[in-house]
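Worksheet: the structure to be examined is printed underneath.
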Amino acid sequence: MHCPRNFWLFIAALYLALCGAGASADRSKDRPPPDWSWRGVFMAGANLPWNGKPRQGYGTATTTSPADIDHFAQLGVNAIAIGLTPRQDINVSHILAIQHPGRIAITEKEELRAELAHADSLLDECKKDGVVGIITLSQFPFDPTLGITQSSPSFWHDPAQLAETLRRIGQIARHFAARGNELGAYDFLTEPLETFPSGRPRTPAEWISFRAAIIKTIRKYDQRHYIVISGGFGGEPSAYRTLTPVENHRIIYSFHMYDPHAFTHQAIYSGSVGLSYPQADDPVLNKHGLERLIEPVVEFQRRYDTYIYVGEFSAVRWAPGAVRYLSDLIDIFDRNHFGWVYFAPGGWNGWDPSFDTTYYPNALGVNDFTHYIGANTPRWHLLERAWRKNLSHAAHGACKTCVGAWSRMPDAQGY
């Protein structure tokens, strides 16, 4: 039977559409991210138990060091999110310049140079210790004097700001492109959100196209390393209900887990302390409820065979039952083979496992160490038990040695 040429073109187009519709790039063609699955920590500061008494005072240096990487590695951590904070640091330098006449505030160029140099020192230690580092940055634009953040409508609706963000991302990717497997991934704009003056938030309308631009920008300089992308809406797992994957290799999909916020953020913005976990008769405040909240991500993972990474999760230390909440989440993450990093030792006392569970009037203070304990807390014990699973994994030859072994494979530098 003879069929017109247009018929066969139509069939070919339909076949390609059916094969490609909603499908991500076949991850079977990619090596897994180094040391996957990740069980780690988001490094937020140097106020860590092994560094002695916390440093106090506004503007006090609390920068993490290579020694901190080494200590975390000894605890079993196999992945560390290295957070870059240019806007925050530039803002501190402006404040200190005002407080100390004659002192000059740091420029954006100087700050980025310092951030990259420090990240290099941490990645060098990651390489020595067999730990994976994830370069993480959400603070756009860098300039604090503009009065806008990555959640401002004027950021998302200004082509110049978006172009400048891509330029900065390109600078960072170009800087780290030659890194080996100590660099696990890039993670930019981890909680995409547009918050209006009324307080109403939404996923930025520009997010889907902008995440594609981020990937294209990174791939211009670095075709090798993984890229982490958020589903949208502030990193919430609910964003995965309608998400479709991108057509690109070496992609990891991420979310942050602070749901339900009424529990994890109690008394931070408003309200009082007292909402406890678990509650058997509550729709979300129990393990089954948490599983339902995360189900959109699990379904996305099953449908598209993707890598999933929890780039942050936590609950304020004074939330009753917070350790049980974290324990249930870690179990859910591990059962679903999610990578994860806990947020965050060494930073603000509300998330820091080195403090007790007491809420008090000054608990929201940035540098309040009234209830600092150190490493002997239930939260630290929970995290250390979870990280030790990596050491058990390594004992079977699949964890601490895999970064070095993987980099020695014949095509590891150019897959």
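The values are calculated or read from the model by the stated rules, or taken from the named source; none is laboratory data. It should be emphasised that the depicted structure is a prediction, and the values quoted were computed from it without experimental measurement. In this analysis, Cβ positions are derived from the backbone assuming ideal geometry, glycine residues included, and neighbour counts consider all displayed protein chains.
Just for region 335-353: of the residues that are at pLDDT below 95 and in contact with a strand residue (DSSP E or B) (Cβ under 8 Å, 6 or more places away or on another chain), which one is farthest from VAL41 (Cα to Cα)?
Here the answer is ASN349.
Which one of TYR325, TYR307, TYR258 is surrounded by 23 or more Cβ atoms within 10 Å (Cβ to Cβ), touching a strand residue (DSSP E or B) at 6+ places or on another chain (Cβ under 8 Å) and within 24 Å of ASN78 (Cβ to Cβ)? If you could, list the steps in order and put the result at the bottom.
On the way: TYR325 fails: touching a strand residue (DSSP E or B) at 6+ places or on another chain (Cβ under 8 Å); TYR258 fails: surrounded by 23 or more Cβ atoms within 10 Å (Cβ to Cβ).
One residue alone meets the criteria, TYR307.
Among the residues of region 336-360, which ones are farther than 15 Å from LEU382 by Cα and without any contact (Cβ under 8 Å) to a residue 60 or more places away in the chain?
Residues satisfying the conditions are ASN336, ASN349, THR358, TYR360.
Taking region 355-396 on its own, how many of its residues are under 16 Å from ALA322 (Cβ atoms), β-branched (Val, Ile, Thr) and out of contact with any strand residue (DSSP E or B) (no Cβ under 9 Å at 6 or more places or on another chain)?
Total meeting the criteria: 2.
Do the conditions hold for GLN99, that is, is it closer than 24 Å to PRO204 by Cα and modelled with pLDDT under 95?
Judged against the criteria, GLN99 is not a match.
Given the conditions (1) under 22 Å from SER65 (Cβ atoms); (2) at pLDDT 95 or above, report the number of the one that ILE148 does not fulfil.
Unmet condition: (1).
Consider SER151 against the criteria (1) within 30 Å of ILE294 (Cα to Cα); (2) buried (at least 20 other Cβ atoms within 10 Å of the Cβ); (3) of a type in the set (Gly, Ala, Ser); (4) in contact with a helix residue (DSSP H, G or I) (Cβ under 9 Å, 6 or more places away or on another chain): it satisfies all of them except one. Which criterion is unmet?
Among (1) within 30 Å of ILE294 (Cα to Cα); (2) buried (at least 20 other Cβ atoms within 10 Å of the Cβ); (3) of a type in the set (Gly, Ala, Ser); (4) in contact with a helix residue (DSSP H, G or I) (Cβ under 9 Å, 6 or more places away or on another chain), SER151 violates only (2).
Determine which member of the set PHE333, PHE300 is free of Cβ contacts under 8 Å to residues at least 24 places away in the same chain and either in contact with a Lys or Arg (Cβ under 7 Å, 6 or more places away or on another chain) or surrounded by 20 or more Cβ atoms within 10 Å (Cβ to Cβ) (or both).
When all the criteria are applied, what remains is PHE333.
Which condition does SER407 not pass, out of (1) closer than 20 Å to TRP38 by Cβ; (2) of a type outside the set (A, V, I, L, M, F, W, C); (3) at pLDDT 95 or above, if it passes all the others?
Going through (1) closer than 20 Å to TRP38 by Cβ; (2) of a type outside the set (A, V, I, L, M, F, W, C); (3) at pLDDT 95 or above one by one, SER407 breaks only (3).
For region 312-326, check the following and say yes or no: at least one residue is at pLDDT 95 or above, among the β-branched types (Val, Ile, Thr), under 20 Å from the mean Cα position of the chain (by Cα) and not in a loop (DSSP other than H, G, I, E, B). Lay out the reasoning, then the answer.
Applying the first criterion (at pLDDT 95 or above) to region 312-326 yields 312-326.
With the extra rule that they be among the β-branched types (Val, Ile, Thr), the set shrinks to 316, 323.
Then keep just the ones that are under 20 Å from the mean Cα position of the chain (by Cα); that gives 316.
Among the residues that remain, those that are also not in a loop (DSSP other than H, G, I, E, B) are: none.
The answer is no, given that none of the residues of region 312-326 is at pLDDT 95 or above, among the β-branched types (Val, Ile, Thr), under 20 Å from the mean Cα position of the chain (by Cα) and not in a loop (DSSP other than H, G, I, E, B).
Among the residues of region 262-309, write down those that are assigned to a helix (DSSP H, G or I) and aromatic (Phe, Trp, Tyr). Show your work before the answer.
Of region 262-309, the ones assigned to a helix (DSSP H, G or I) are 262-264, 287-304.
If the condition is that a residue be assigned to a helix (DSSP H, G or I) and aromatic (Phe, Trp, Tyr), then PHE263, PHE300, TYR304 are the ones that fit.
Cβ-Cβ distance below 6 Å, separation of 6 or more or different chains: which pairs start in region 209-233 with a residue that is under 17 Å from THR165 (Cα atoms) and end on one that is assigned to a loop (DSSP other than H, G, I, E, B) and modelled with pLDDT under 95?
Between residues of region 209-233 that are under 17 Å from THR165 (Cα atoms) and residues that are assigned to a loop (DSSP other than H, G, I, E, B) and modelled with pLDDT under 95, the close pairs are ILE215/ASN248.
GLU194 - would you say it is acidic (Asp, Glu), at negative phi and in contact with a strand residue (DSSP E or B) (Cβ under 7 Å, 6 or more places away or on another chain)?
Numbers: acidic (Asp, Glu): yes; at negative phi: yes; in contact with a strand residue (DSSP E or B) (Cβ under 7 Å, 6 or more places away or on another chain): yes.
Against the criterion (acidic (Asp, Glu), at negative phi and in contact with a strand residue (DSSP E or B) (Cβ under 7 Å, 6 or more places away or on another chain)), GLU194 qualifies.
Restricting the search to region 212-253, which residues are β-branched (Val, Ile, Thr) and touching a Gly at 6+ places or on another chain (Cβ under 8 Å)? Show your work before the answer.
Step one: filter region 212-253 for residues β-branched (Val, Ile, Thr), giving 214-215, 217-218, 227-229, 242, 244, 246, 251-252.
Matches in region 212-253: THR217, ILE218, VAL228, THR244, ILE252.
Please work out if SER28 is among the small types (Gly, Ala, Ser), out of contact with any Pro (no Cβ under 8 Å at 6 or more places or on another chain), at pLDDT 85 or above and surrounded by fewer than 19 Cβ atoms within 10 Å (Cβ to Cβ).
Working: among the small types (Gly, Ala, Ser): yes; out of contact with any Pro (no Cβ under 8 Å at 6 or more places or on another chain): yes; at pLDDT 85 or above: no; surrounded by fewer than 19 Cβ atoms within 10 Å (Cβ to Cβ): yes.
When the stated conditions are applied, SER28 does not pass them.
Can you find a residue that is surrounded by fewer than 22 Cβ atoms within 10 Å (Cβ to Cβ), among the acidic types (Asp, Glu) and within 16 Å of GLY45 (Cα to Cα) anywhere in region 368-376? Break it down into steps so the answer makes sense when it comes.
If we filter region 368-376 for residues that are surrounded by fewer than 22 Cβ atoms within 10 Å (Cβ to Cβ), which is where we start, we get 368-376.
Keeping just the survivors that are among the acidic types (Asp, Glu) gives 368.
Next cut, within 16 Å of GLY45 (Cα to Cα) only: 368.
Yes: region 368-376 contains one or more residues that are surrounded by fewer than 22 Cβ atoms within 10 Å (Cβ to Cβ), among the acidic types (Asp, Glu) and within 16 Å of GLY45 (Cα to Cα).
How many residues does region 355-404 contain that are modelled with pLDDT of 90 or more, more than 29 Å from VAL131 (Cα to Cα) and either of a type in the set (S, T, N, Q) or in a helix (DSSP H, G or I) (or both)?
2
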